[in-house]
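All of the numbers you see were taken from the coordinates with simple rules; none came from a lab. Predicted model only: the values in this text are computed from it and were never measured. All Cβ positions, glycine included, derive from the backbone under ideal geometry; neighbour counts span all protein chains shown.
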Amino acid sequence: MTNRKETIRYLKTEISALESRMDEKNSLIVALRDQLQNHENKTGDERRTQIFRRAALDMVPDESQREFSNLGPVMIKDMGDAMVALGTRLDHKFAEINALNEITERVNSGMFFSEVLDHVFDNFKTLIPYDRIDVALIEQGKSGRTLVRAQWSRAEYELVLLGKGYATPLEGSSLQEIANNREPRILNNLGEYLESHPESHSTRLMVKEGIQSNLTCPLVARGTAIGFIFFSSCQPDAYRDQHIELFSQVAGELALTLEKSSAYEDLYLRNEFIKKVFGQYVTNEVAEAVLSNDGPLTLGGDRRNITVLMADLRGFTPMSEKLSPEEVVDTLNVFLGTMTEVVMKYGGSIDNFIGDALMAVFGVPVNKPNDAARAVACAVEMQNIMAAVNAEVTGRNLPELTMGIGLSSGEAVAGNIGSEMRVKYSVIGSIVNLAARIEGMASGGQIFASDPTHEEVRDIVRTAGSLNVQLKGLPRPVPIHEIVGIGGEYDIDKT
C-alpha cells in the first residue's frame, strides 16, 4: 500500500503531465485534483484514488506511451475521446447489470420461464447480437436414452425449421462436450462447421434458416448441466469472447431460476385446475381464499356466522318415475346448473347437491357483513328464474317444476371434513338442520326464513307474514317468515 506522501507526489506528477496536454477543465483532471486535495487534507481514500488512476490507464490508447508514476506505462493521445470511450464501456456494463437484475425480478414476480425468455429476446439486442434464441433441456427419453429437446424458440424471421419439440440424442453430440465442460462455445461460421460435421442434422436446419453464427452456453444448476441456451445470428463472425461473459451470466440466471419458474408454473396450472373444478360450485373469490392457505389441507374447522340456503324441487321424485334415467339426469342438470349460476352471482358456495335439492352457504370461507342479505336476494332470484328452467325442460311430459326454499342464519363449524383420503370443505351445525326443516315447510314457490335471518335483513326485507311452526326434532315452535322480496341495493321481488 502506498503511503499518503507518495500518493500526493504521484498525483501532482500525473496532474501536471495531463495539464500540459489537456484542457485543465477536463473531467479526469478535475477528478484527480479532488483526490489530491482529499489526501492533502488527510481525508483521501487510497482505494478510491487508485480506481481513478486505473481509470486513466484504462482509457489511454495503446500508442504515445508515457510513464505514469508507479502505475506502469500510460499513453496520452486524446484524453477527451478516451474518456468518452470509458464512459460508453461503463454504460454498457451498467446496462448488462440492469438487464440481468430484471431477469431475476421477473421470475421472482411469478412469471413463467417462457415469459422470462420473451423478455430476454425483446430487451437484450443492444447487449448481444442475435436473430434467434433457443432453449433446449436435457431429459430422459422413453427408450432410456438421454435427449436434448427444444423447449422454447423465437426468431426475427418466419422460416423456422428447428422449432419447439425437436429432440436429438445427447450422447456423442457436440453438446455433450459443452455439458461436460460447462463452458460456452462460439461458432462464427456454421457453413464451415457443417462441412466438417455433415451428420449434424440440427446444424443443417439452422443453416437452411440462414443462421451463420452461434453462441451456445450450458444451463448449469447445482453443478449439473440441465440444458442449453443458444444465441444465433444471420451474420457471420458475430460473436466475440467479450460476449461470453454476459452470455454466461444470462445462462446462469436462467438456470438458477428455471426450477423455480417451472415449479411456479406447475403450481399455477394445478391451482387453475382446482379453481376450474372447485369454481363450478363457488365464486373465484372463495376458490382463491381456499387456495391461499399455506400447506396441505388439514381436517378440522372453526366457528363462523353464516347463512344456509336449502332448496328442493316439489314432487320431483314421483314425476321422475315417468322418465328415463337420461331424462331425469338431463332435467336435474338444467335445474341445478341454473341455480348454481344464481348462487355464484350472489357470492355463495354450493356445499352439496342432494338428489333434486341443493345446499348453498353464504359466509364461508370468506365472511362479509351482508351475507344474509345476499342469501335472501339469491333465494328470490332463484324462485324467479324457475320460469326459465321450466321453459327449457318443456316437452318432457313433466308438469311445471316448483321449488321450496328455506333460510337459516347463525353459528356453524366450517372447515375440512372427512378423512385423510377424502376431504370436503363443508359446514355442520344446528342451523344446517334448521334450514332443511324450514325448507320442508315451504310449498312450491315459497321462501321461508328463520327469525335470525329475518333479523339480519329486517330493514330491507319484504315479507308476506310470519307464523310459529313446530319443526321435527325441536322442543318448541319456532317463528318463520315468508320472504317475497328485498330492497336496498338488491331491490328484487318474487314474481
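Give me the number: length gained by fully extending Thr13 to Gln140, i.e. 0.36 nm times residue separation minus the C-alpha to C-alpha distance, one decimal in nm.
That pair, Thr13 and Gln140, stretches by 39.1 nm at full extension.
Holding the Cα-Cα limit at 21 Å, pick out from Lys368/Lys494; Lys125/Lys208; Lys345/Lys368; Lys472/Lys494 the pairs that are longer than that.
Lys368/Lys494; Lys125/Lys208; Lys472/Lys494
What distance in nm separates the simple spin-label points at Phe353 and Arg458, each placed 7 Å from Cα in the Cβ direction?
The two pseudo-label positions are separated by 3.9 nm.
Can you order the peptides 222-229, 355-362, 164-171 by their average number of other Cβ atoms within 10 Å per residue, highest first?
Descending packing order for the listed peptides: 355-362, 222-229, 164-171.
Sort the following peptides by mean Cβ neighbour count (other Cβ atoms within 10 Å, averaged over residues), highest first: 200-213, 3-16.
200-213, 3-16
Determine, for each peptide in 407-414, 367-374, 344-351, the mean count of other beta carbons within 10 angstrom over its residues, then list the peptides with the highest first. Don't skip to the end; give the middle numbers.
Working: 407-414: 23.5, 367-374: 18.2, 344-351: 21.1.
Peptide ranking by packing, descending: 407-414, 344-351, 367-374.
Mind checking the full-extension length gain between Lys125 and Asn367? Use 0.36 nm per residue of separation minus the Cα-Cα distance, one decimal, nm.
The Lys125-Asn367 span can extend by a further 82.0 nm.
Residue by residue through region 313-326, what is 3J(HN,Hα) from phi via Karplus (6.51 cos²θ - 1.76 cosθ + 1.60, θ = phi - 60°)? Round to whole Hz and write x for glycine and proline.
So the J values, rounded to whole Hz, are 6, 8, x, 6, 4, x, 5, 5, 5, 8, 10, 6, x, 5.
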